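Peer 1: Have a look at the structure that comes next, please.
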Amino acid sequence: MAVRKSQAEQARLGLEQQIVTALAEVETAAIGVVRTQERLVELDNTKKSADRSVELATDLYRSGLGDLFEVLDNQQQLVAIEEEQLVVRQQALIQIVSLYRALGGGWQSVMQEQPVQNQEN
């Protein structure tokens, strides 16, 4: 009787540990999703400002009040922001997949492998 109680207690503790681990994985993944989404919003605002800076520098250059280096510098900053957006978007997708997996999402092959049939003539 004592052995069964001990085994049941061990099983219960093991299950509790699995639940705690699963919840921690979900929480970590969810935080990652939220943070990357917040970063994307920040980058969108930064990109809008950079777009405006390029427009203003270009207008000044065309009117003869600015130089080409200002235009190129602003364009270079814009490209750097756009590159960072791509990296953060990739990270956001990775975080979403992590959350999906932590929630118990499975993976199925898009294309099921078909057995190769040997056709001898």
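Peer 1: Under 6 Å by Cβ, and 6 or more places apart or on different chains, what pairs join a residue from the range 21-37 that is within 17 Å of Gln90 (Cβ to Cβ) and of a type in the set (Val, Ile, Thr) with one that is outside any helix (DSSP H, G or I) and modelled with pLDDT of 90 or more?
Peer 2: none
Peer 1: Here's something else I'd like to know. Working carefully through the options Gly66, Gly105, find the one that is loosely packed, with under 14 Cβ neighbours inside 10 Å, without any contact (Cβ under 8 Å) to a residue 24 or more places away in the chain and part of a loop (DSSP other than H, G, I, E, B). If you could, list the steps in order and put the result at the bottom.
Peer 2: Values: Gly66 fails: loosely packed, with under 14 Cβ neighbours inside 10 Å.
After ruling out the rest, the residue left standing is Gly105.
Peer 1: Out of Glu27, Glu16, Glu9, I need the residue that is within 23 Å of the chain's Cα centre (by Cα) and either within 25 Å of Gly105 (Cβ to Cβ) or exposed (fewer than 14 other Cβ atoms within 10 Å of the Cβ) (or both). Which one? Explain how you work it out, then say what you get.
Peer 2: Details: Glu16 fails: within 23 Å of the chain's Cα centre (by Cα); Glu9 fails: within 23 Å of the chain's Cα centre (by Cα).
Testing whether each residue is within 23 Å of the chain's Cα centre (by Cα) and either within 25 Å of Gly105 (Cβ to Cβ) or exposed (fewer than 14 other Cβ atoms within 10 Å of the Cβ) (or both) leaves just Glu27.
Peer 1: Also: Just to check your reading of the model, which residue among Gln75, Gln7, Gln85, Gln91 is polar (S, T, N, Q) and either within 24 Å of Leu103 (Cβ to Cβ) or not in a helix (DSSP H, G or I) (or both)?
Peer 2: Details: Gln75 fails: either within 24 Å of Leu103 (Cβ to Cβ) or not in a helix (DSSP H, G or I) (or both); Gln7 fails: either within 24 Å of Leu103 (Cβ to Cβ) or not in a helix (DSSP H, G or I) (or both); Gln85 fails: either within 24 Å of Leu103 (Cβ to Cβ) or not in a helix (DSSP H, G or I) (or both).
So the residue among Gln75, Gln7, Gln85, Gln91 that is polar (S, T, N, Q) and either within 24 Å of Leu103 (Cβ to Cβ) or not in a helix (DSSP H, G or I) (or both) is Gln91.
Peer 1: Pro115 versus (1) part of a loop (DSSP other than H, G, I, E, B); (2) modelled with pLDDT of 95 or more: which is the lone unmet condition?
Peer 2: (2)
The values are calculated or read from the model by the stated rules, or taken from the named source; none is laboratory data. Predicted model only: the values in this text are computed from it and were never measured. Here the Cβ is made from the backbone with ideal geometry for all residues, glycine too, and neighbour counts use every protein chain on show.
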